[in-house]
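The values are calculated or read from the model by the stated rules, or taken from the named source; none is laboratory data. Predicted, not measured: the structure shown is a model, and the values here were computed from it. Cβ placement follows ideal geometry from the backbone for every residue including glycine, while neighbour counts extend to all protein chains displayed.
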Amino acid sequence: MSSKPSRPSSRALLISGLVTVLVGAWLPASAQGARIYTLRLPVLVMHHVKWDKPGDDVTERGLTIHPTQFRQELTFLSSHRYHTVSAARVIRVLAHGGRLPGRPVVLSFDDGYADMYRTVYPALRARHMTATFFICPGLLGKPRYMNWGQVRTMARHGMDIEAHTLTHPDLTAVTPAQARNEIAGSRAALRRRLHVPVTVFAYPYGAFNAAILGDVRRAGYLAAFTTQQGWRLSRASRYALPRVYIDRDDSLTQFAARLSGNLQVVEQDPT
Ligand SMILES: [Zn+2]
């Protein structure tokens with residue numbers, strides 16, 4: 001689940017400047033003495049890592065990163081001493097405290113497309129990296145998607161498998177009962193079939209409202225990610241955590257800016 005080295009000194013953490021741990025009074029009186037954690041780190045979000053095909057439409061191309069670019073970005077992470085950590089691990093630190101490696105970064109991939117197993121997983125394994133995959137169990141085995149066996153293999157080899165609803169609806173556009181089924185059902189299916197905890201959720205299209213947020217919490221998730229752009233993960237906002245969109249045309253300089261959060265032009269990803 002983690003990359004090496006996993007035990008940097010606290011001094012190294014401070015020097016990295018990427019993790020900020022704040023202590024404050026934030027809970028009801030019954031929980032006084034507990035600590036609030038605000039982490040600053042990039043949670044990158046990607047969808048496809050593959051070559052373009054002639055039939056790919058504008059949306060598909062907008063969600064696609066070429067394998068060469070992807071591998072260059074992984075090499076950049078290694079050579080600049082970034083350490084990949086899973087979203088589940090970040091959420092555990094956010095909830096309970098603890099340490100992350102220096103220069104932590106989460107690589108997250110939405111939807112569970114076939115190129116995850118074909119391209120992303122081998123590239124991560126070769127570099128001893130991990131990532132979080134937000135999966136829709138109802139889509140596994142369909143054309144263009146991974147199958148259960150592939151997801152199971154990734155889970156057994158250190159990849160973090162989390163939920164992204166059963167069938168990828170806009171949760172704000174379906175009935176409350178359907179939304180609850182999509183949210184709770186995806187967690188149940190992944191837990192049952194893979195025997196993994198499933199503690200993190202990602203909203204399809206980044207779409208949610210207060211009722212849906214409540215459904216996610218009651219379904220047993222500890223946190224949820226949107227597609228809003230940001231680098232600050234706060235425990236108080238753990239059901240609406242931001243991520244950082246990676247663009248297919250990014251230069252390595254732009255990629256570095258996205259990691260650090262120093263990007264001048266902030267783009268929003270609608271998907
Ligand atoms: Zn999605």
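Residue-wise test of (1) modelled with pLDDT under 95; (2) part of a loop (DSSP other than H, G, I, E, B); (3) among the polar types (S, T, N, Q); (4) farther than 27 Å from residue 238 by Cα.
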position	(1), (2), (3), (4)
69	no, no, yes, yes
72	no, no, yes, yes
77	no, no, no, no
84	no, no, yes, no
89	no, no, no, no
99	yes, yes, no, no
106	no, no, no, no
- Query: Hey, does segment 151-158 have a residue that's part of a helix (DSSP H, G or I), modelled with pLDDT of 95 or more, over 24 Å from residue 82 (Cα atoms) and in contact with a Phe, Trp or Tyr (Cβ under 8 Å, 6 or more places away or on another chain)?
  - Reply: yes
- Message: Condition check: part of a helix (DSSP H, G or I), more than 15 Å from the chain's Cα centre (by Cα), more than 16 Å from the ligand (Cβ to nearest atom) and not aromatic (Phe, Trp, Tyr). Does residue 180 satisfy that?
- Response: yes
- Task: With the condition kept exactly as written, say whether any residue in segment 187-198 is at pLDDT 95 or above, within 14 Å of the ligand (Cβ to nearest atom) and within 27 Å of residue 85 (Cβ to Cβ).
- Result: no
- Item | Enumeration of residues in segment 165-177 that are surrounded by fewer than 19 Cβ atoms within 10 Å (Cβ to Cβ) and assigned to a loop (DSSP other than H, G, I, E, B) | 167, 168, 169, 170, 174, 175
- Residue match in segment 249-266 (condition: within 16 Å of the ligand (Cβ to nearest atom) and either surrounded by fewer than 19 Cβ atoms within 10 Å (Cβ to Cβ) or of a type in the set (Phe, Trp, Tyr) (or both)): no
- Task: Report the residue count in segment 199-212 for those that are more than 15 Å from the ligand (Cβ to nearest atom), surrounded by fewer than 16 Cβ atoms within 10 Å (Cβ to Cβ) and touching a residue at least 24 places away in the same chain (Cβ under 8 Å).
- Result: 2
- Query: Of everything in segment 167-177 that's of a type in the set (S, T, N, Q) and within 24 Å of the chain's Cα centre (by Cα), which residue is nearest to the ligand (Cβ to nearest atom)?
  - Reply: 167
- Among residues of segment 113-156, those that are more than 16 Å from the ligand (Cβ to nearest atom) and more than 25 Å from residue 51 (Cβ to Cβ), counted: 5
- Task: Tell me, yes or no, whether segment 242-250 has at least one residue that is of a type in the set (A, V, I, L, M) and within 25 Å of residue 92 (Cβ to Cβ).
- Result: yes
- Query: If we scan segment 48-57, do we find a residue that is under 20 Å from residue 259 (Cβ atoms), at pLDDT 95 or above, within 18 Å of the chain's Cα centre (by Cα) and not polar (S, T, N, Q)?
  - Reply: yes
- Tell me which residues, restricted to segment 199-228, are outside any helix (DSSP H, G or I) and over 15 Å from residue 110 (Cβ atoms). 199, 209, 219, 220, 221, 222, 223
- Query: Hey, any hits in segment 122-131 for a residue that's aliphatic (A, V, I, L, M), touching a helix residue (DSSP H, G or I) at 6+ places or on another chain (Cβ under 9 Å) and in a loop (DSSP other than H, G, I, E, B)?
  - Reply: yes
